[in-house]
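Structure record follows, encoded as structure tokens.
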Amino acid sequence: MAYQFQQPYRPVGIAIPTQSLLAQVLGITAIGMCVTALAVYLVPNAPFSWIGFIGAFILLFAINATRANGALSLGLFYLFAFLEGIFIGPIVTYYAHVAGPAVVYNAALTTGLGMFALAAIVYATGLDLRRFSGIFTIALLGLVVIGVISIFVHFLSPTIYSWATLVIFSGLVLIDFARIRAGGDGLTPVQMAVQIYLDAVNIFLALLQIFGGGRRSRD
């Protein structure tokens with residue numbers, strides 16, 4: 001997956017009560033995750049999964065373009081989450097088949113606990129890495145380029161790539177929760193939910209490879 005939109009760091013005042021914003025973002029994200037899980041369940045082996053990826057990518061721009069219309073933007077997010085499920089459905093099904101369903105459950109549980117831990121660090125310590133958003137974005141773009149090249153050249157172990165993905169998106173999680181804690185930096189709750197959602201999905205897919213790669217190689 002490995003894509004994410006990051007807004008530049010802008011030190012602004014708190015425009016939205018942080019607890020209210022956090023509740024809105026987490027609520028929207030949680031429902032989006034359920035929609036994605038439903039799509040994975042309904043379409044576990046979609047032969048057109050790449051259409052889901054392309055559609056979801058287009059919807060990212062549509063969500064940003066409709067930010068002034070909260071209801072429309074929210075509806076587009078849930079459609080985006082469903083298309084994401086269509087895209088990752090075959091990936092999840094593959095790992096469940098070759099490494100066992102426990103690998104999928106463990107990856108999902110670890111993702112949830114990890115996201116909670118990172119959010120707790122931000123809110124407990126006030127850690128603010130927003131000024132490093134550009135660095136993480138450049139690192140993410142480099143990761144995408146390396147991933148594309150590796151498809152043809154096979155010079156990088158999938159496990160190493162997954163660890164790099166895990167590190168980069170863990171940093172983005174810290175940045176995104178710091179942004180929520182600061183009031184959103186001008187982003188809407190739906191836009192923030194998209195970023196948290198993408199962080200979680202990419203961390204989940206990375207953990208699938210890390211947890212399932214070793215077991216798959218032993219089979």
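Per DSSP H run of n ≥ 4, the term is -39500 (n - 2.57); total these for the chain, divide by its residue number, and report the mean residue ellipticity at 222 nm rounded to 500 deg cm²/dmol. Provide the component values of the computation, followed by the final result.
Numbers: 7 runs with 171 residues, N = 219.
That calculation yields -27500 deg cm²/dmol at 222 nm.
Go through 68, 191, 123 and say which Cα lies farthest out towards the positive end of the charge dipole of the chain; charges sit on Cβ, +1 for Lys and Arg, -1 for Asp and Glu.
123
Can you tell me the 0 to 90 degree angle between the C-alpha axis of helix 49-65 and the longest principal axis of the chain, rounded to 10?
With rounding to tens, the tilt is 10 degrees.
Report the residue, chosen from 30, 193, 182, that carries the largest GNM mean-square fluctuation when the chain is represented by alpha-carbon nodes joined by springs under 10 Å.
Sorting by GNM fluctuation, first place goes to 30.
Over region 45-174, what relative contact order in percent results from Cα pairs under 8 Å that are six or more residues apart? Numbers along the way, then the final one.
On the way: 75 pairs, mean separation 28.2, N = 130.
Relative CO of region 45-174 lands at 22 percent.
The chain: percent of C-alpha pairs farther apart than 32 Å?
Values: 3568 of 23871 pairs.
When all Cα pairs of the chain are counted, 15 percent exceed 32 Å.
Modelled label-to-label distance, residue 68 and residue 42, 7 Å Cα→beta-carbon offset: nm?
3.2
Give me the dipole magnitude in Debye, nearest 20, for the chain about the Cα centre, with unit charges on the beta carbon: positive for Lys and Arg, negative for Asp and Glu.
Values: 9 positive and 6 negative charges, 36 e Å.
So the dipole magnitude of the chain works out to roughly 180 debye.
Please state the relative contact order of the chain as a whole percent: Cα pairs under 8 Å, 6+ residues apart? The partial results should precede the final answer.
Numbers: 265 pairs, mean separation 78.7, N = 219.
The normalised contact order for the chain reaches 36 percent.
So which chymotrypsin sites (Phe, Trp or Tyr not before Pro) in region 143-216 are both in a DSSP loop and have at most 15 other Cβ atoms within 10 Å of their Cβ?
Values: sites: 152, 155, 161, 163, 169, 177, 197, 204, 211; in loops: 155.
Loop-located and lightly packed - 155.
Could you work out how far helix 189-218 tilts from the main Cα principal axis of the chain, as a 0 to 90 degree angle to the nearest 10?
Relative to the chain, helix 189-218 is tipped by roughly 20 degrees.
I'd like the Karplus ³J(HN,Hα) series for region 132-138: coefficients 6.51, -1.76, 1.60, θ = phi - 60°, whole numbers in Hz, and an x wherever there's a Gly or Pro.
My calculation for region 132-138 gives 9, 4, x, 5, 5, 5, 4 Hz in order.
Only the coordinates and a few stated rules stand behind these numbers; no lab work does. None of these values were measured; they are calculated from a predicted model. Glycine gets a Cβ as well: all are built from the backbone with ideal geometry, and neighbour counts include every protein chain shown.
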